[in-house]
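Okay, structure first, notes after.
Read-outs: derived from the displayed coordinates by stated rules, not from any lab. Everything quoted here is computed from the prediction, not taken from an experiment. Positions of Cβ are backbone-derived with ideal geometry, glycine not excepted, and every protein chain shown enters the neighbour counts.
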Amino acid sequence: MKHLKNLNLRALFLCLLGLGLAGVSVGSAQAEKPNFIVFLVDDLGWMDASCQGSTYYDTPNIDRLAAAGMRFTDGYASCAVCSPTRASVMTGRYPARIGVTDWIHSRFQGGKIPADGKNPSGWTNREGYLLPQNKLWLDAEEVTIAEALKPQGYVSAHVGKWHLGMDAYYPTKQGFDYNFGGCDYGQPPSYFDPYNNPNAKHPMVQAGIPSLPSRKPGEYLTDREADEATGFIRNHKNEPFFLHLANYAVHTPIQSRKYYSDEYAAKPRDEQFSQAYAGMLKSVDDCVGQVLDTLDELNLTGNTVVIFTGDNGGLDRNGGPTDNAPLRSGKGFAYEGGVRVPFIISWPGVTKPGSVSAEPIVSVDIYPTLAAAAGVGPSEHAIDGVDLKPLLAGGELNREAIFWHFPHYRHNPGPYSMIRKGEYKLIKWYVGNRFDLYDLRKDIGEANNLAAHMPELVASLDAELVAHLKDVGAKIPRKAEPKAAVKPKAP
């Protein structure tokens, strides 16, 4: 059983009522608690919205959310791939501290529970370097935001992509009351009901998405997610709720409703060029609009915090369907295109409508922001994120730096750790022991490596990065010891 050091307000109020203290009620106290909705869109690129500067994609509802709240130009995912970011959203902890530092392999991709039932914690040798094994699930000992909110009277639902472990670690095993579509998949077999791929080798993929049974053959997955989300809101409008709406789109396979992609046939194309991808994004925008409309209809908008962001950068046009320019590169890479994502927060009465902030924020900030707003007490686990409410209200964040750690091979030049402090970003490459240093205010495209020209700053940032990695218990890649030569046997 997981233990929290959170104040159980429901129990407290009931106790007070039992003592005859008039004027205090559970219902009135809960009514003052804000509702929370977190959109976590899969593979959403930094330029994948009109309000972010796209001239090709039409996203009126995402723009509507930005007009109601604060849009962050320097919002970041905690990792350039999905599972680590999702784990950090759930826990408020950096992926390096959790041990989920790469995407988790689903069963159909070869992932399986080890014979001893324990998460992998060893090392593998690749190209002469020892690299830590990635965990296959979010450990049950981790406290998710759903678990932290439960003692405060919240009901919670997960809709869409989970990708944080197999059956024993699905959302309902990690504090959520409802789960619509969350499983170990990193992508759907198909975006059309019954959401399966009959030609796949694995029987699980042939059958569709666990916890999202077929309902209307041909129904589009993002529409189904929107329907499940709004149904949850309607069913729980009279109690505080947390909705984690993690759209599978716009991850591959690139499949759009035809009449949506057809809308882009005559539209002039620029760096963003894929009609099908644009159609998928339009469905995501529809989903946002349906949720916002439901809040308006039920008079819940004024008491609901809505956060909209992505799990990593967009899959850019070098083999992918979108383009992150002016950012460099895309999903899976250490550069800005891999980690910088749209980040919008609307908090009625707190955020100034239509405001824009250049303050760097990151996925780990979501948990402490919601926890503080709900009155959750201190956690027994170290929390790496910060409460964003002072910043959202027009104040300052007073955070020194943010960090990333990816101790795996994904693309050349291999494993890395990073720090962003102020306008500077340092990438530490473990293979070759070299550094990249960029001034992001002057060089958002990371074209000019300043490391050779600013050695003192490199040394200072590296020292801060090393101290952080030690603090979170990060596993650091290192050169493997050469195997001893085998002496030939004497004749």
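Spacing of the modelled spin labels on Asp462 and Thr124, each 7 Å from Cα toward Cβ, amounts to 2.8 nm. Over the stretch 404-479, calculate the relative contact order: mean separation of alpha carbon pairs under 8 Å at least 6 apart, over the residue count, as a percent. The normalised contact order for the stretch 404-479 reaches 24 percent. In terms of packing, defined here as the mean over residues of other Cβ atoms within 10 angstrom, the peptides 364-377, 206-219, 86-99 line up highest first as 86-99, 364-377, 206-219. Look at Glu400, Glu225 and count the other Cβ atoms within 10 Å of each Cβ; fewest to most, that gives Glu400, Glu225. A Cβ-based charge dipole, computed about the Cα centre of the chain with Lys and Arg at +1 and Asp and Glu at -1, lands at about 1520 debye. When shorter helices are ignored and each DSSP H run of at least 4 residues is given -39500 (n - 2.57), the per-residue value for the chain at 222 nm works out to -7500 deg cm²/dmol.
Run the reach check for Lys470 against aspartates and glutamates, Cα to Cα strictly under 18 Å, same-chain hits fewer than 8 apart removed. What comes back? Those aspartates and glutamates meeting the cut-off are Asp384, Glu400, Asp462. I need the shape label for the chain. Rule: rounded when a/c is under 1.5, else prolate if a/b > b/c, else oblate, with a, b, c from the alpha carbon gyration tensor. Rounded is the answer for the chain, as its axis ratio a/c remains below 1.5.
With the simple spin-label model, which puts each label point 7 Å out from Cα in the Cβ direction, the Ala372 to Arg399 separation comes to 1.0 nm.
In this structure, the residue pairs whose Cα-Cα separation is over 21 Å, taken from Lys150/Lys237; Lys33/Lys237; Lys161/Lys352; Lys135/Lys425; Lys216/Lys331, are Lys161/Lys352; Lys135/Lys425; Lys216/Lys331.
Efficiency by 1/(1 + (r/R0)^6): what FRET value for Ala382 and Arg317, r their Cβ-Cβ distance, R0 = 41 Å, to the nearest 0.05? The calculated FRET efficiency here is 0.55.
The packing ranking of peptides 177-189, 159-171, highest mean first, is 159-171, 177-189, where packing means the average number of other beta carbon atoms within 10 angstrom of each residue. Sorted ascending by nearby beta carbons within 10 Å, beginning with the fewest, Val386, Val291 become Val386, Val291. Between Pro368, Asn196, Val100, the Cα set farthest toward the positive side of the dipole of the chain (charges on each charged residue's Cβ, about the Cα centre) is that of Val100. Counting neighbouring Cβ atoms within 10 Å and putting the fewest first, the residues Ser83, Ser460 line up as Ser460, Ser83. Stretching the chain fully between His202 and Ala358 yields a gain of 51.6 nm (0.36 nm per residue, less the alpha carbon separation).
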